[in-house]
Amino acid sequence: MEKVLTTPESKAVGLGLTLGIKDYIDTETTRYFQDTGTLHALAVSGAHLQIIFMVLGFSLQRFKKPKTQRYYLFSVLLGIWSFAFITGWCASVLRAAIMYTVFLIGQSKGYYKLSWNQLGFSAFLLLLVDPNYLYDVGFQLSYAAIAGIAIASQFWPTDALTINKVYRYFLNTVIATIGCLLYTSPSPRDRTRS
């Protein structure tokens, strides 16, 4: 990052965008982000972990074979938990790290779709860490979104021989997005109250 980001302001914003470290961002830059409605971009989230998961998953794809799968699993989990540690165990990253861990272990056992057991177990682990997460809106919305994706995943096409990979990926993304939106959008009744 030192070579690409040469000014102190750009380094500070780079740290904020990648690791959620906002200590070095001056008040003027923070105000710019507030005025444009993009301050949330400086908060580290599960989306950052998704990017790490995708990069690691893609770069370690050759280790997904049955004989070397444990190396794949260990390497991806090490990357995920290292990022969680670097970001200071931020609640949203911790949530995503536990979900990915449970999902990856399930995948290694042959469960390729997110199951209700995996979802419930990850929530249980988080609530063991801090029972007050139950009242956290971020926790509630995360699990509502994942529940929507789990329900929507029942409609994912599974016949790899008849459907093009790119088309299947696009279709799965659209179906997951719709499921996520349906479970996290406010109900019409909630909109009339405000």
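The values are calculated or read from the model by the stated rules, or taken from the named source; none is laboratory data. Because the structure is predicted, anything quoted here is derived from the model rather than measured. Positions of Cβ are generated from backbone atoms using ideal geometry, with glycine treated the same way; all protein chains shown enter the neighbour counts. These area figures cover heavy atoms from the full protein model, side chains too; ligands, DNA and RNA do not enter into them. Shrake-Rupley method; radii C 1.70, N 1.55, O 1.52, S 1.80 Å.
The table below lists the values:
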read-out: Given charges at beta-carbon only (K, R positive; D, E negative), |dipole| of the chain in Debye; value: 940 debye
read-out: Total lysine pairs whose alpha carbons fall under 21 Å of each other in the chain (8 or more apart, or interchain); value: 11
read-out: Estimated inter-spin distance, Ala43 and Ser185, nm [label 7 Å along Cα→Cβ]; value: 2.2 nm
read-out: Computed lengthening from Ala144 to Arg70, 0.36 nm per intervening residue step minus Cα-Cα distance; value: 23.6 nm
read-out: Protection proxy ranking of 127-137, 15-25, 87-97 - average other beta-carbon atoms within 10 Å, highest first; value: 87-97, 15-25, 127-137
read-out: The chain: equivalent-ellipsoid semi-axes (sqrt of 5 x gyration tensor eigenvalues, Cα, Å); value: 30, 24, 18
read-out: Residue-normalised accessible area of the chain, expressed per residue, 1.4 Å probe, Å²; value: 67 Å²
read-out: MRE, 222 nm, helices only [DSSP H, n ≥ 4, -39500 (n - 2.57), over the chain, to nearest 500]; value: -21500 deg cm²/dmol
read-out: Semi-axes of the equivalent ellipsoid for the stretch 1-113, Cα gyration tensor, largest first, Å; value: 33, 15, 10
read-out: Spin-label model distance (nm) - Phe85 vs Thr7, 7 Å beyond Cα toward Cβ; value: 3.5 nm
read-out: Relative contact order (%) - the stretch 66-182, alpha-carbon pairs under 8 angstrom, separation at least six; value: 20 percent
read-out: Accessible-area composition of the stretch 1-129, carbon plus sulfur, in percent [1.4 Å probe]; value: 67 percent
read-out: Length gained when the stretch Gln34-Thr18 is fully extended (0.36 nm per residue, less Cα-Cα span); value: 4.0 nm
read-out: Label-point gap, in nm, between Thr173 and Val55 - each point 7 angstrom along Cα→Cβ; value: 1.8 nm
